[in-house]
1. Under Stokes-Einstein, with the Kirkwood radius over Cα pairs standing in for Rh, what whole-number D in µm²/s applies to region 202-320 at 10 °C and 1.306 mPa s?
2. Roughly speaking, what is the centre-to-centre gap between region 34-85 and region 320-335 when only Cα atoms are used, to the nearest Å?
3. Given 0.36 nm per residue, what is the gain on full extension from residue 120 to residue 99 after removing their alpha carbon distance, in nm?
4. With θ taken as phi - 60° and the coefficients 6.51, -1.76 and 1.60, list the Karplus ³J(HN,Hα) couplings across region 199-211 in order, rounded to whole Hz; mark glycine and proline as x.
5. Using helices alone, what [θ] at 222 nm do you get for the chain, with -39,500 (n - 2.57) per DSSP H run of 4 or more residues, divided over all residues and rounded to the nearest 500?
6. Set Lys and Arg Cβ to +1 and Asp and Glu Cβ to -1, take the dipole of region 54-179 about its Cα centre, and tell me which of 128, 144, 75 lies farthest positive.
7. Could you work out how far apart the two model spin labels at residue 171 and residue 228 are, taking each label as a point 7 Å from the Cα in the direction of the beta carbon, and quote it in nm?
8. Where does the chain land on Rg(C-alpha)/(2.2 N^0.38 Å)?
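The values are calculated or read from the model by the stated rules, or taken from the named source; none is laboratory data. This is a predicted model, so every value here is computed, not measured. Neighbour counts run over all protein chains shown; Cβ positions are idealised from the backbone, glycine included. In case anyone asks, the SASA skips ligands and DNA or RNA and just uses the protein heavy atoms, side chains included. Shrake-Rupley method; radii C 1.70, N 1.55, O 1.52, S 1.80 Å.
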Amino acid sequence: MRVTGRMLFALMVAVASLGAMSQERAEDPATVSEIRIGNVMPYSGPLSEFGAIGKAEAAYFDMINERGGINGRKVRFITRDDNSDPATALELTRGLVEKDEVLLMFGSFGTPGNLATRWYLNERKIPQLFVASGDEEMSRPRAFPWTMGWQPSYKAEGRIYANYIQAYYPRRKIVVLWQNDQFGRDLFKGIEEGLGDLNRFVVVDIAFDIADEHLDTHVSVLKQSGAEVFVFAGVPSTAARVIKMAAGFNWHPVFILNDAAASIANALIPAGIENSAGVISAAFLKDPSDPAWKDDPGMKDWLAFMDKYNHPESQNNSAALFGYAAAEALTQVLKQCGDDLSRENVMQQASSLRDFQPSVALPGIKMNTRPDNYLPIKQMRLEQFDGRTWQSFGDVIETAFTEGRKR
């Protein structure tokens, strides 16, 4: 094939022009009229109840756009269903970056999917912000400077429960029923770290699959151990079944539920109020189904938001509240960016948050980040369900023992 000098010159000009256009688009965000944000969620599959997170985030940005956008730019939130499949999450993320040309990925759900996409996003220097996972791997700025977690780590949460057991139920037999995935393993590992040499009091632990058909058998085995403390790590719907089963076996241990499962509307009420009274958990966000917050300004805004923008979702959905709070945090970061919407500045602003408090966070819970500390929310509060509301007790917890107390 022959290319004449004139044609070659034209091709060189075209390539140069395309390069200039790409450079202008990447380095001159003032020309951008919208902010494209990518997201993947399990809208179908075994973890579809957490798809409410993505729906709430989409609705939140609808609200922001109706109010004029962020610094004059509208948000285009593009969310896809990965069916809780890491390979699908990677494929969808590639499409969002390469075809939809998103500025950043935000709030994608689950540890496996986020780990599957982390290398790709960091190699391309695409922000992977406020991922919906408490895995500590999501907050390693030296190794993965473009990936940032959001919520307290699962291991830290497990250590909090271990410290609580040490303080209130020392030398009591403990059993643990944990979801057989990275989340469940991490939380259980945190319990082991927190108990230290007191791990000998964990007499039985059982891992279960999300679609496990033998929960009744597991609960029966745990009861037969004679344990007085029962730690559960899983989703709200399973928590409700387990609490109800234990009561059906006339077994009433001290119940400790992980934060994600501890919803009044989605776990405790379905389990039966009489069975759920006394349950212990640790939280960083308010429970939207807790009547204690009916006069709280932040929760009033939440209810108004749900009524207008996310009406099909239950106003008592804790997963939706999680998405609302995360979207509020990302909006703060983008506001701080001003007119500089370069990806470098997005990460700079995300890593320089100072005492930002989401409007639906529990009192005393604030977001703080530094370039060497990518975990925005490190604090939780212990609380106990009294049959009607969650009652917080003790101080805000930011650290927990990692080796247990010798006894």
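1. 103
2. Taking the Cα centre of each part, region 34-85 and region 320-335 sit 11 Å apart.
3. Full-extension gain reported as 6.1 nm.
4. 4, 5, 8, 7, 7, 8, 10, 10, 8, 10, 7, 4, 9
5. Only helices count here, giving -12500 deg cm²/dmol.
6. The Cα lying farthest towards the positive end belongs to 144.
7. 1.0
8. Here the answer is 1.08, to two decimals.
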